1. Might you check whether a residue that is more than 11 Å from chain B (Cβ to nearest Cβ) and either β-branched (V, I, T) or in contact (Cβ under 8 Å) with a residue 60 or more places away in the chain (or both) occurs anywhere in the stretch A:192-203?
2. State whether one or more residues within the stretch A:159-175 are aliphatic (A, V, I, L, M), within 13 Å of chain B (Cβ to nearest Cβ) and more than 20 Å from the chain's Cα centre (by Cα).
3. Starting from residues that are basic (K, R) and modelled with pLDDT of 85 or more, keep the ones in the stretch B:118-150 and report whichever is nearest to B:C42 (Cα to Cα).
4. Residues to consider are B:V262, B:V275, B:V301; find the one that is more than 14 Å from chain A (Cβ to nearest Cβ), within 25 Å of the chain's Cα centre (by Cα) and either part of a loop (DSSP other than H, G, I, E, B) or at pLDDT 90 or above (or both).
5. In this structure, is B:D436 closer than 19 Å to B:D402 by Cα and either more than 19 Å from the chain's Cα centre (by Cα) or part of a loop (DSSP other than H, G, I, E, B) (or both)?
6. Filter the stretch B:59-79 down to the residues that are without any contact (Cβ under 8 Å) to a residue 60 or more places away in the chain and in contact with a strand residue (DSSP E or B) (Cβ under 9 Å, 6 or more places away or on another chain), then identify the one that is farthest from B:Y138 (Cα to Cα).
7. Being touching a residue at least 24 places away in the same chain (Cβ under 8 Å) and part of a helix (DSSP H, G or I) is the filter here; which residues of the stretch B:494-514 pass it?
8. Which residue out of B:A200, B:A210 is surrounded by fewer than 24 Cβ atoms within 10 Å (Cβ to Cβ) and among the aliphatic types (A, V, I, L, M)?
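The values are calculated or read from the model by the stated rules, or taken from the named source; none is laboratory data. Note that the structure is a prediction, hence the values are computed from the model and not measured. Quick reminder, even Gly has a Cβ in these numbers, built from the backbone with ideal geometry, and neighbours come from all protein chains shown.
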Amino acid sequence: MVKLTCQHCGYVWDYRGEREYYATCPRCLYKVRIPEVKTRGVKEKLKRNIIAKEQPTKLTGVAGLVSKVVEEYQYRSDMLIQILLKLQKNFGWLPMEVLMEVSKQLNVPLSYVYRIVTFYKAFSLAPRGRNLIRVCMGTSCKVRGAQTILDRLVSLLGIGPGETTPDFQFTLETVNCLGCCALGPVITINDNYYGNLTPASVAKIIEKIKSEGGM
Amino acid sequence: MKEGCKIPRINSPEDLEKLREEILAKRDPNRPCVAICVSAGCSSLGSLQVVKSFREELEKQGLADKVDIKATGCMGFCELGPRLAIYPKEIFYFKVKPEDVPEIVSKTILKGEVIERLLYKDPVTGETIRKLEDIPFYKYQYRLLLENNAKIDPKNIEDYIAIGGYKALAKALFQMTPEQVIEEIKKSNLRGRGGGGFPAGRKWETTRNAPGEPKYVIVNCDEGDPGAFMDRSLMEGNPHLVLEGLIIGAYAIGASQGYIYVREEYPLAVENITVAIQQAREYGLLGKNIMGSNFSFDVEVHKGAGAFVSGESSALMTAIEGKVGEPRPKYIHTAVKGIRDKPSCLNNVETWANVPHIILNGAEWFLKIGTPTSPGTKIFSLVGKVNNTGLVEVPMGITLRDIIFKIGGGIRGGKKFKAVQTGGPSGGVIPEQYLDTPVDFDSLTKLGSMMGSGGMIVMDEDTCMVDVARFFINFLLEESCGKCIPCREGLRVLNKVLTDICEGRGSEEHLRIIEDVTETMKEASLCALGTTAVNPVLTTLNYFRDEYEAHIKERRCPAKVCKALTAYYINPDKCQACLICLRNCPSGAIKGERDIVHVIDQEKCIKCGICYAVCPFGAVEKISPPVPPPVRYGIKVKRKK
């Protein structure tokens, strides 16, 4: 048993698997390195344990998580978009393993799933940070100075729109309209709305989140 | 609904009446009730904290079971949020902060006193106004659909039934045949509020008469237009109204399955409509044998995954099928062959929300509101550089001037009005000389713009029209699905040309290219996204040709927006050498010291505009063309006396 910490989402858990170098984070599916020293010897024991135990028949890991969602939608392939949205909400992004699992369980070609994922803006094929910042670039926010807010965020975080900070704390995105046009410029951070912003107030909000250690 | 409480299934119109009486009898009309707007707009200003501190304060004072707190939908005046209403005295407070809550509880709720400072204050006269009807923002409105947003809790079906909800459904189901319902809608001349203005009654009839079973009805709440949020507000604030309209429509058309397509970006709208559907099912207003009649109907919510083009009717239908939301050629209208090639009737949220009112009050009543060709009201989201931003609902036929100057309170900061943009990226801009045009479907189309879903973005003299056109084209370029070439390539060309003009590389040739490309796109695009994409370019070019020419011939941006054509310059006569701009400059382009007039190094300047924003003396000026007068470093400050 190894105690692992995910660099992506910060989740800490006891790894009981048999992998030697990388484990998959059960919460965000990010690949986590298994430290060399701690695992020696333990692995041998684990392997023996696993062989001794009977293999469970129900789906585990990614397949299990996907099957839960797919079951909820009664294996309907016309609900593909809804299923993917739900999975994206669970994982924060859509790893390849998930797409393959969805394609298998719904019995639709992987290319088809991939087409949907790349067509719609809501889906992300790259890992996203713990805090998702969405900057509204709608017409109303634009005439009220959304560009200065975005510029400020870019310089504060050191990443461009659509990118994630290396420590996975923030992801910056632009959206077309958040529907709060009367209060522009508007941003949302993890579904919390912040309106009537100025470059200075944005800096304060980001500072606050950083000091809280990423919410 | 409390746990263990038996849900009364409604099996006849009499049951509904009985339930309504029961609910009303249970409620004490004199019991104080605080209604707080928690729609996305107000919650960004902290209304959720206000609700929380209300709960805590009432708990502390031991009033928790004597005062009702309602978290309602949007009340319109987003500018002055969070807004709350205290019934039964009908006191309205604006800009409420959590710190104000103890005072409100102890003064207004317990003693009935009014707190002057939280009332609406007229920005011009400085007077406080107590009555909602006297506030200019509300005075000129006709709030047919939005009225009840402030009165009901969207998550509680009993609130909706108490104010007469589902009465129209009972009337349609038990006193009218489907043909009569369609006839009534046709007579009322209700036109699609999604933008096109197609008569809803005719659409319903086409679907009803089309061969094929099952038939579908769809609510389009994929409100992708930047600058528009009325569908969101209706969905968040009064989901049962939309649902009731949908059920009546399904009955008239003979549909057995309905879909509600909501943008994923509106989490609260998704939540509220899902709760509403669940409650309607429990009360027997959805599902098998609605209200004990022979009519069965059910609804499913689909979330849109963020594609603007999916708001187009045929694209939306493919999205509901779980495919990529791309439009298809409409040789056969979707009303005949829509979802899974079955007849499908799609209408906008606002259109459906009008239906219960028409059924209940009759077509004659509806025709009295608005103009004969476009009856009824329309909700606009009045945003941009206007004093009172928010949702306004006005009768059709009101002039743009009334909306912007009477309801909107004029332009922010006393600047000059330049244009108003209606209809989102598919609409166009309307300049000052047409401000007295009545707002209805046909007049706006004549001006080259369109009603659209109802976004109304006001622009002042600081907005560059070429930049606006470029913004919309850039938006549409990203959102175009790329299926048909005129739209995909046309937008790419337009974007390039407009960017060139904005960045000072424009030539006369460019204007000719714009005219050529827009012509082709208008004729040959597959769906409305392409054919209307040219509107923002054509209208700006028509009405503001001088601005295009200034960009091209003089390399000058009259509004001083386009970065490549402007420069910042410190006026030596005004500069007080306070070092503020110097400290704030992110690129270290400002040189200066105490008592020496600051100078901007144009080579280093990145034109971020921070110095312009922070200068307390207004000494930093924007100039266009970007050729500042020659400056010498070392001029002594001229102090103001």
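1. Yes, the stretch A:192-203 contains at least one residue that is more than 11 Å from chain B (Cβ to nearest Cβ) and either β-branched (V, I, T) or in contact (Cβ under 8 Å) with a residue 60 or more places away in the chain (or both).
2. no
3. Step by step, filter the stretch B:118-150, then rank; the result is B:R143.
4. Residue meeting the stated conditions: B:V275.
5. yes
6. B:V67
7. B:L494, B:N495, B:L498, B:T499, B:I501, B:C502, B:E508, B:H510, B:L511, B:I514
8. B:A210
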